[in-house]
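The values are calculated or read from the model by the stated rules, or taken from the named source; none is laboratory data. Note that this is a predicted model, so its numbers are computed, not measured. Because the Cβ atoms are built from the backbone with ideal geometry, glycine has one as well, and the counts that use them run over all protein chains shown.
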Amino acid sequence: MEASVCVLTAKGMAAIASVALKGPDAQAISQKIFRMGKTEARSGSDGMKNNVINRVASAPRFCRGSILHGHIVEGDTIIDEVIVGCEGENEFIIHCHGNPLLIEQIIKLCQSHGATLVPVEQFMAEKHLVQSSNLIEAEAKQALQTCATLTGVKIIANQLTCGLLPTVQKWLDGFDTMSLYFYRK
């Protein structure tokens with residue numbers, strides 16, 4: 001299967017974490033690991049109560065813009081209660097509890113169904129490239145994510161409105177005229 005998975009939130013303990021899953025096979029993987037429905041407590045062979053998904057749960061509708069509430073499951077075992085945002089075609093963001101052990105379990109589950117773990121920088125660079133009209137805009141959006149100061153954010157943001165991008169656009173607009181002018185002399 002062709003899909004990539006990455007953790008979008010910082011490492012460490014947190015209240016909430018976000019795991020991204022995207023690619024041609026992301027919806028197929030999501031259908032295997034996500035269930036909508038109520039949980040039931042059943043006693044396992046060890047006498048412990050395990051939360052499992054009620055099998056009469058409705059099938060999730062993974063359409064762009066939908067927000068789904070349910071559970072990430074491995075077989076009949078619930079890993080975590082989650083919210084899944086359908087960001088676009090074959091792109092899903094799983095919002096789960098922020099315990100690093102749960103996040104690792106969700107990542108491994110996605111990998112067991114064919115997803116490849118990618119660094120967040122690679123994931124976001126690909127996303128910015130698709131959503132931007134040119135490389136300068138894509139690189140500026142990527143740089144905004146790593147700025148350490150408010151001044152840095154302002155400088156990078158200005159590259160799109162009154163800095164590098166407008167300057168390069170002027171050069172490109174005048175390129176044909178300039179080349180003809182120099183060839184005539």
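Quick check, is residue 114 surrounded by fewer than 18 Cβ atoms within 10 Å (Cβ to Cβ), assigned to a helix (DSSP H, G or I), at pLDDT 80 or above and in contact with a helix residue (DSSP H, G or I) (Cβ under 9 Å, 6 or more places away or on another chain)?
Numbers: surrounded by fewer than 18 Cβ atoms within 10 Å (Cβ to Cβ): yes; assigned to a helix (DSSP H, G or I): no; at pLDDT 80 or above: yes; in contact with a helix residue (DSSP H, G or I) (Cβ under 9 Å, 6 or more places away or on another chain): yes.
So residue 114 fails the test.
For the condition touching a helix residue (DSSP H, G or I) at 6+ places or on another chain (Cβ under 7 Å), at pLDDT below 90, part of a helix (DSSP H, G or I) and not hydrophobic (A, V, I, L, M, F, W, C), what is the one hit in 170, 141, 154, 127?
On the way: 170 fails: touching a helix residue (DSSP H, G or I) at 6+ places or on another chain (Cβ under 7 Å); 154 fails: touching a helix residue (DSSP H, G or I) at 6+ places or on another chain (Cβ under 7 Å); 127 fails: touching a helix residue (DSSP H, G or I) at 6+ places or on another chain (Cβ under 7 Å).
Going through 170, 141, 154, 127 in turn, the sole match is 141.
Would you please name the residue that is nearest to the chain's Cα centre (by Cα), looking only at residues in the stretch 8-19 that are of a type in the set (Val, Ile, Thr) and over 10 Å from residue 94 (Cβ atoms)? Can you show your working first?
Of the residues in the stretch 8-19, the ones of a type in the set (Val, Ile, Thr) are 9, 16, 19.
Filter again for over 10 Å from residue 94 (Cβ atoms), leaving 9, 16.
Details: 9: 10, 16: 15 Å.
Checked the stretch 8-19; the qualifying residue nearest to the chain's Cα centre (by Cα) is 9.
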Item checked: Tally, over the stretch 141-156, of residues that are of a type in the set (Gly, Ala, Ser) and out of contact with any Gly (no Cβ under 9 Å at 6 or more places or on another chain) -> 2
Check: Which condition does residue 108 not pass, out of (1) in contact (Cβ under 8 Å) with a residue 12 or more places away in the chain; (2) closer than 28 Å to residue 30 by Cα; (3) not in a loop (DSSP other than H, G, I, E, B), if it passes all the others?
Finding: (1)
Next item on the list: Of the numbered conditions (1) at positive phi; (2) surrounded by 13 or more Cβ atoms within 10 Å (Cβ to Cβ), residue 75 fails exactly one; give the number of that condition.
Entry: (2)
Next item on the list: Confirm whether residue 57 is touching a Cys at 6+ places or on another chain (Cβ under 9 Å) and either within 17 Å of residue 82 (Cα to Cα) or at pLDDT 95 or above (or both).
Entry: no
Check: Of the residues in the stretch 90-105, how many are part of a loop (DSSP other than H, G, I, E, B) and either free of Cβ contacts under 8 Å to residues at least 40 places away in the same chain or buried (at least 16 other Cβ atoms within 10 Å of the Cβ) (or both)?
Finding: 2
Check: Taking the stretch 73-120, which residues are more than 11 Å from the chain's Cα centre (by Cα) and charged (D, E, K, R)?
Finding: 74, 76, 80, 81, 89, 104, 108
